[in-house]
Every structure is written in C-alpha cells, then in structure tokens.
Amino acid sequence: MRKALRWLLALTVLIGTLSTAGAATAAEPEATGTTGTTGSTSTTTDIKDRLLAIPGMSLIEEKPYTGYRFFVLNYTQPVDHRHPSKGTFQQRITVLHKDVSRPTVFYTGGYNVSTNPGRREPTQIVDGNQVSMEYRFFTPSRPAPADWSKLDIWQAASDQHRVFKALKSVYTKKWISTGGSKGGMTATYYERFYPRDMDGVVAYVAPNDVVNDEDSAYDRFFAAVGTKECRDRLNAVQREALVRREPLERKYAAYAAENGYTFDTIGSLDRAYEAVVLDYVWGFWQYSLLSDCDSVPADAQTATDDDIWTSVDTISGVSAYTDQGLETYTPYYYQAGTQLGAPTIHFPYIEKKYIRYGYQPPRNFVPRSIPMRFQPFAMRDVDTWVQHNARRMLFVYGQNDPWGAEPFRLGTGAKDSYVFTAPGLNHGANVAGLIPAQKALATARILEWAGVASASVQADPSAARPLARFDARLDRRDVEREPGLRP
C-alpha cells in the first residue's frame, strides 16, 4: 500500500518460455578456506577474493558487522536471458557472509536491495549466510536504454538462477530462498522456473492473483476483518475524506506546491487525492494491528480537517501518487499491469457521488511512454504449478493482511509443503507469529531443508528453535511501509 515519501528514505531498500540462461561460472579458487564466523582470516583465500574471482562480479563496498562480512556487489547480467549477447546490465546484490560451512539463504524483496546489513528470519533460523538481490529495473539495476518488455517474472527468475550458479561453488551447502510480499511472489516464481536450484522456499505474505478480473475475495475480507467497531471507524474516516474533498484538496495543492510535487503520470491532483483516500482502509489493515484502531478518529463527522488529513497521510501517504512518489515503483506497477495483476475493491458504505474514479488500474501509474499489455496466463501457470508440483515450500500469511485474501494453495501434488496463517497479524506476518505447533513445525522444516536440523529436532519438531540469537539490529521484524497499492 502507500506511505509518505519520508518512508521511502528508510526503505533503501511474471511468463516466457522455459529456456535456461547461460550461467556464469565461478572461477575455481586455489583453496577452499575462507573467513570464519568470527571475522578472522584463515591462511587460505579470503572470502572477498573468492567472491571477486567470479566472472562478472565487482565490489561496490564492504561494511563491517561483528560476526559477519558484508559486501555490496555488482553482478553482470544479460538484459535478455534468451539472447545473452544482446547487452548486459549491472545488478546489485549483497552478501552477508557467515561461513562457507553454513547454509545460505537467498533473499529478494522484489524491489530495491538494502545496502545495509540485515538478516531475514530464515537466515536467523539456520544461522547461515544471506545473499540478497535487487530486482531488475529497480534503479540502479536497470538496463540503459530500458527495454521494458524484458521485465517479466521469467527474466527475473533467470537473474536469480545465474546468481545462484555463480555463488554455488563458494557456498556449497544447502540453499533456501525467501522473500516477503512481492519478494515472496518472486521466490515462488523462481521455484516454478528453476525447481532444482533451491533446497527449500519460505514465502511470506505472497499474493496470488490468479484471475485478475475476479477480486470478490477482497470485498469479503474487508466485510469481516477485525471488529465491526474498528471497520466502522475506518470506513467513516475514509468517507469523510471524500465528503470534504474540496477543502482537503486545497490543503493537498498547497502541500504539493511546497514540496515540488507534480501529477503528470496519474493525470491530476484530483485523481491522486482520491487514490490516496481509497487506499486508506487497505493501508490500515496491511500495516497496522487491531489494537491500533484507537489511533483512528472516533467520530469522523466531528473531526477537524487536520485530523482527517493527518490520519489519511499517516496510513496512506498523501505523496504516494505524485510523480515523485510513483517513479521509484514504476517497475512494480508495470509488472502489476502486465503479469502480476492488481486488486479492485468496492466501497458499499460510500455513496457513488463521492467516488469519481474508483480503484485505478496500474496503467494509470506508469508513464504513457512505456507500453503495457496484460498477460492473463502468467499467474494461472504459476498457481497451477504450485498446486501440483510444490516441493519443500512454506507459505506464511497474516490473518488481517488484505493481500492474503488471495493466497497460494496446495493441491494433492504438493509434497512437504505448507500454508500457515498467523492469527491477528498483518503484512509483517512471520514464522515467529504462528501458533506454537505450526511455529515449531515450520522451524523444524526450515532447519531440515537447510541440512542443519539436529537429531533431536528430527525426532521431535517441537524442539526446533532458531540457531542464531535474535539481533535487534540485524533481525528487523516490522513490515516495510511502501507507497501505492502494492504488496
């Protein structure tokens, strides 16, 4: 969903044919040793030297972190994996190095990669290394010139495949892929196209919009989520923001002028304002908990304009549909309008006279100079594959997360795979938030897939615990707020 541009500063952070790309192979090092868990260097080849010996790999910077080595790298990728001779681009990846004797977690958020050390939940569980990849076309990992037809889920999965093949000779133990939200989708698509690469998949809060034009699941979700008292309070503020459109749009215009915001892509300030307001209820449930309802104005009709404005800005982010708010996320909106799909919901508690545009399609959020054509078969293919072919896959959803209204489901063909829902949680749902029995089972399966489950855990999954201690700096658990109606 949406957030203000101030959130963006903290964020630094789908089907083609099944031909495989020519993988870049890593140069064989003279020695197999490397820097260990304490950061001391052995007498054998240093891990940085081994990484930089990989053809196409170059160093941007190394940042210190106790117990790890952390590298920000560029890796040369083909613009088109079907025709690798037709140009390349530099794709950012990071490596949080623990020890080559440990398993490796392959993470992507589906957007920009963070260039600061961070550890995802599976990495803490298995006490392993972590490789993180920036999604193609998110700057600076964008070809120049940008051929947007090369931004699809197969090309992105092929990026991951090449990175994995390049690093597998260094990190030879088990690999687990993971990601949250669009990153959970990305991990799933990677498994669909390259099912032999990973030893397990942990996909968090991954939407699965199989049929783009059938979105009634979202309407049912919003009619039942949380409590009636909370729903009524949120609905009233959203409606009031449209009833007071004229004075609040004047406030919006002054805000935009003060910050230099423009509205060329979406078309007008009026369109942007309504889009922000219509995101309000969705944004609350995506990022907040039921207990946060107390922060929503209790009586919208008697609330001041400033109260309504502040609540909408806090939850939706009034800058989300400015040109400046949209620009960073053009690759996402492009994919939503070509393969991923995008939800449409209705607002039965708001009179039609107050809604001029409704939920706008992704086409409205991408510059018109970029052509788009939707491919309805892309998500159907992935959904069918997961149902019949999932192996060692774990899907985790939040009970109160709107994006979980259309989840991945497992069919009779799935093996050693699971779909769990964390009670009361939002878009930040994780294994730690599951009920105890599911938490233990999920942890045990991740440890087993990574090849680090002890004999006691193999005998009794209830004994499963993360192998690494929680680190408040590395193991951030809050959901990342992002602008726009997006996972």
* Name the single residue, out of those in the range 222-246 being surrounded by fewer than 20 Cβ atoms within 10 Å (Cβ to Cβ) and acidic (Asp, Glu), that is farthest from Trp403 (Cα to Cα). => Glu246
* Restricted to the range 435-465, and to residues that are open to solvent by 60 Å² or more (accessible area, probe 1.4 Å) and not in a helix (DSSP H, G or I), which residue is nearest to Thr104 (Cα to Cα)? -> Arg465
* Structure fact -> Scanning the range 147-163 for residues that are open to solvent by 10 Å² or more (accessible area, probe 1.4 Å), acidic (Asp, Glu) and either touching a helix residue (DSSP H, G or I) at 6+ places or on another chain (Cβ under 8 Å) or not in a loop (DSSP other than H, G, I, E, B) (or both) gives Asp152
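Every residue, every condition in (1) of a type in the set (Gly, Ala, Ser); (2) under 20 Å from Tyr397 (Cβ atoms); (3) touching a Leu at 6+ places or on another chain (Cβ under 8 Å); (4) open to solvent by 30 Å² or more (accessible area, probe 1.4 Å), yes or no:
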residue: Pro145; (1), (2), (3), (4): no, no, no, yes
residue: Lys165; (1), (2), (3), (4): no, no, no, yes
residue: Val201; (1), (2), (3), (4): no, yes, yes, no
residue: Tyr218; (1), (2), (3), (4): no, yes, no, no
* To do: Look at Ile370 and say whether it is open to solvent by 10 Å² or more (accessible area, probe 1.4 Å) and either over 25 Å from Arg136 (Cα atoms) or in a helix (DSSP H, G or I) (or both).
  => no
* Taking Ala342, is it out of contact with any Pro (no Cβ under 6 Å at 6 or more places or on another chain) and aliphatic (A, V, I, L, M)? -> no
* To do: Scan the range 351-371 and give yes if some residue there is over 27 Å from Glu249 (Cα atoms) and under 18 Å from the mean Cα position of the chain (by Cα), otherwise no.
  => no
* (1) under 28 Å from Ala223 (Cα atoms); (2) open to solvent by 50 Å² or more (accessible area, probe 1.4 Å): which one isn't true of Asn389, the others all being true? -> (1)
* Structure fact -> Per the filter on the range 399-429, residues in a strand (DSSP E or B), of a type outside the set (D, E, K, R) and closer than 22 Å to Glu191 by Cα are Tyr418, Val419, Phe420, Thr421
* Structure fact -> Residue pairs within 6 Å by beta carbon, gap of at least six or interchain, first lying in the range 182-200 and at pLDDT 95 or above and among the polar types (S, T, N, Q), second open to solvent by less than 10 Å² (accessible area, probe 1.4 Å) and outside any helix (DSSP H, G or I), listed first then second, are Thr186/Thr108; Thr186/Gly110; Thr186/Gly179; Thr188/Ala203; Thr188/Ala206
* **Qualifying positions in the range 250-261 - at negative phi and open to solvent by 30 Å² or more (accessible area, probe 1.4 Å)** => Arg250, Lys251, Ala253, Ala254, Tyr255, Ala257, Glu258, Asn259, Tyr261
* Structure fact -> Cβ pairs under 7 Å, 6+ apart or interchain, first in the range 350-374 and under 16 Å from Tyr329 (Cα atoms), second open to solvent by less than 70 Å² (accessible area, probe 1.4 Å) and at pLDDT below 95, ordered by first then second residue, are Phe365/Gly484
* Asked: When you scan the range 57-73, how many residues do you find that are surrounded by fewer than 18 Cβ atoms within 10 Å (Cβ to Cβ) and closer than 20 Å to Gln90 by Cβ?
  -> 6
* Asked: Quick one: how many residues across the range 319-344 are assigned to a loop (DSSP other than H, G, I, E, B) and of a type outside the set (S, T, N, Q)?
  -> 6
* **Members of the range 183-197 found to be in contact with an Asp or Glu (Cβ under 9 Å, 6 or more places away or on another chain) and buried (at least 24 other Cβ atoms within 10 Å of the Cβ), listed by number** => Tyr190, Glu191
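The values are calculated or read from the model by the stated rules, or taken from the named source; none is laboratory data. Model, not experiment: these values are computed from the prediction. Reconstructed Cβ throughout: ideal geometry from the backbone, glycine too, with neighbour counts over all protein chains shown. Remember, those area values only see protein heavy atoms, side chains included, never the ligands or the DNA or RNA. Shrake-Rupley method; radii C 1.70, N 1.55, O 1.52, S 1.80 Å.
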